[in-house]
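A.B. asks: Below is one structure. I have some questions about it.
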Amino acid sequence: MTQMIYLDYAATTPVDPTVAEHMMQHLTLEGIFANSGSIQHHLGEQADTAIEHARSSIAQQLHCKAKEIIFTSGATESNNLAIKGIAYSRKGKHIITCLSEHKAVLDTCKQLEKEGYILTYLKPNIKGLIDLDELKNAITEETILVSIMQVNNETGIIQDIPAIAEITQKSKVLLHVDAAQSAGKLPINLNNLPIDLLSLSAHKFYGPKGVGCLFIRNRAKIHLQPLTQGGGQEFGLRPGTLATHQITGMAKAFELAHQQMAKEQQQAKTLQQQFLTQLHSLGGVTINGDIKHGLPNILNLSFDKVSSDTLLIALRDQVAASSSSACNSGAIEASYVLRAMGIEGDRLYSAVRFSFGRYTTEQDINQAAVMVSKGVRQLRLLAEG
């Protein structure tokens, strides 16, 4: 084998060649390269038209109004703008989220705690799902926002967003959803789903890095405090010259993702089952989460008697996957997501995330399974030895 097998699609996806070609048309002198704010001349108008077409295209896929889409640098910025923007513009100091959220949400909430806000962190169960009754009981008269991700980036677990949205709507509390991992993989119909704010990131669905968007339902009613000051771009909520090539690339990628969604999700299910079947003979393999309630693109596995970091080092030139732990100052920090689910001990430190995507083939899965199995067996022998 001359090329690594890429099984880390949850971290980022390669840009689709069609998207890359589309982006190139908005970069050079021969293309639509001008500043979209320079509407005094035709070239600026062209760029502005391209951006508004992209905005309308994304809105069409989400079943919302184009003016409800705000372009950002990605889901991290969108999450910050949604959570802080609501906190700084509303009466009430209470926000509810979950312990297994992405750091972009958790760190934002921790910052607000330092500023005097009261945070409630729901604890997921062993499957990774939150208790809807706990959510109901956590809401008070001071609650201004609930922020829950749709698909977890480490386990692929899908939260019951329709049920959560029903609770927040009845309680007259705003709902923010981080859809970085679900956008382009699950249908999202904002016309039927009472979500107030939704974060997306283009590089999770074969678009470019550095661009995303935030859906804000009825901007005239939901006022957000902008986090940065400057020009009046993006309705004054996100100033700065708009990156035409990235925005149009995101829209093209989102369009392609919806066209291929059903086919790709079926392919992911096939690959997931194939991978699990191939690894079955190893024994001592535990699924973290519940594949019945998860996105098939993400599979989090623990291997008995094998450290995840050691396994990934053994595979580093063959298979690209991710450990659920990170090395900070020489100390191993276990996955806070799995720990929040109640997973402890060796299972916690042997967890590896494999994620599949558009360009993953059955041959890739077969080869990866052979390599992972070989690595696990060798490491187990060394541990016994």
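A.B. asks: Starting from the 7 Å offset along Cα-to-Cβ, what nm value, one decimal, do you get for the label separation of Arg347 and Leu381?
C.D. replies: Going from the Arg347 label point to the Leu381 one covers 2.9 nm.
A.B. asks: The range 55-126 to the range 220-260: how many Å between their Cα centroids?
C.D. replies: Going from one Cα centre to the other spans 16 Å.
A.B. asks: Could you let me know the centre-to-centre spacing of the range 183-214 and the range 345-385, using Cα atoms, in angstrom?
C.D. replies: 30
A.B. asks: Taking every alpha carbon pair in the range 118-174, what does the distance histogram look like in 10 angstrom bins from 0, in percent?
C.D. replies: Whole-percent P(r) values from 0 Å outward: 21, 58, 20, 1.
A.B. asks: Right, something else. Please arrange Val285, Val19, Val177 by counting, for each residue, the other beta carbons lying within 10 Å of its beta carbon, fewest first.
C.D. replies: The fewest-first ordering by Cβ neighbours comes to Val285, Val19, Val177.
A.B. asks: On to the next question. Gain in length, Ile118 to Thr286, computed as 0.36 nm per residue apart minus the alpha-carbon separation, to one decimal in nm?
C.D. replies: Once the chain is fully extended between Ile118 and Thr286, it gains 56.8 nm.
A.B. asks: Could you sort the peptides 193-204, 6-17 by per-residue average Cβ neighbour count (10 Å cutoff), highest mean leading?
C.D. replies: Highest-to-lowest ranking by the protection proxy: 193-204, 6-17.
A.B. asks: Here is a follow-up. Taking a point 7 angstrom from the Cα of Lys221 along the C-beta vector, which residues in the range 114-146 have backbone N less than 18 Å away?
C.D. replies: Residues 144-146 qualify, since their backbone N sits under 18 Å from the label point.
A.B. asks: Each label point is 7 Å from the Cα along the Cα-to-Cβ direction; what then is the distance between the points at His41 and Lys93, in nm?
C.D. replies: 5.3
A.B. asks: If you take the charge dipole of the range 17-256 about its Cα centre, with +1 on Lys and Arg Cβ and -1 on Asp and Glu Cβ, which of Ile216, Ala34, Leu242 is farthest toward its positive end?
C.D. replies: Final value for the positive-end residue is Ile216.
A.B. asks: Which GluC sites (Glu not before Pro) in the range 1-102 sit in a loop by DSSP (not H, G, I, E or B) and have at most 14 other Cβ atoms within 10 Å of their own Cβ?
C.D. replies: Those that pass, being in a loop and sparsely packed, are Glu30.
A.B. asks: Among 302-314, 144-156, 221-233, what's the highest-first ranking by average C-beta atoms within 10 angstrom per residue?
C.D. replies: 144-156, 302-314, 221-233
A.B. asks: In terms of the Cα gyration tensor, with a ≥ b ≥ c the square roots of its eigenvalues, is the chain rounded because a/c is under 1.5, prolate because a/b exceeds b/c, or oblate?
C.D. replies: oblate
A.B. asks: Let me ask something else. In a shell of Cβ-Cβ distance under 9 Å around Glu264, excluding Glu264 itself, what net charge do Lys and Arg (+1) and Asp and Glu (-1) give?
C.D. replies: Result for the neighbourhood of Glu264: +3.
A.B. asks: Would you compute, from DSSP H runs of 4+ residues alone, the mean residue ellipticity of the chain at 222 nm, taking -39500 (n - 2.57) per run and dividing by the full residue count, rounded to the nearest 500?
C.D. replies: Roughly -12500 deg cm²/dmol at 222 nm, from the helical runs in the chain.
A.B. asks: Taking the Cα centre of the chain as the origin, how large is its charge dipole in debye, to the nearest 20, when only Lys and Arg (+1) and Asp and Glu (-1) carry charge on their Cβ atoms?
C.D. replies: 440
A.B. asks: Here's another thing I want to ask about it. Find out how many positive minus negative residues lie around Val211, taking Lys and Arg as positive, Asp and Glu as negative, among other residues whose Cβ is under 13 Å from that of Val211.
C.D. replies: The answer is +3.
A.B. asks: Report the net charge of residues surrounding Ala34, where surrounding means a beta-carbon distance below 13 angstrom and charges are Lys +1, Arg +1, Asp -1, Glu -1.
C.D. replies: Local charge sum for Ala34: -3.
A.B. asks: Hey, rough spin-label estimate for Asn125 and Leu29, points 7 angstrom out along Cα→Cβ, what's it come to in nanometres?
C.D. replies: Taking the two extended label points, one gets 6.4 nm.
A.B. asks: Specify which residue in the list Thr97, Ser73, Thr108 is farthest towards the positive end of the charge dipole of the range 59-158, using unit charges on the beta carbon of Lys, Arg (+1) and Asp, Glu (-1), about the Cα centre.
C.D. replies: Final value for the positive-end residue is Ser73.
Read the figures in this text as sums done on the coordinates, not as results from a lab. Bear in mind that the values here come from a model prediction, so they are computed numbers and not experimental data. Using ideal geometry, Cβ is built from the backbone for each residue, glycine included, and neighbour counts are taken over all protein chains shown.
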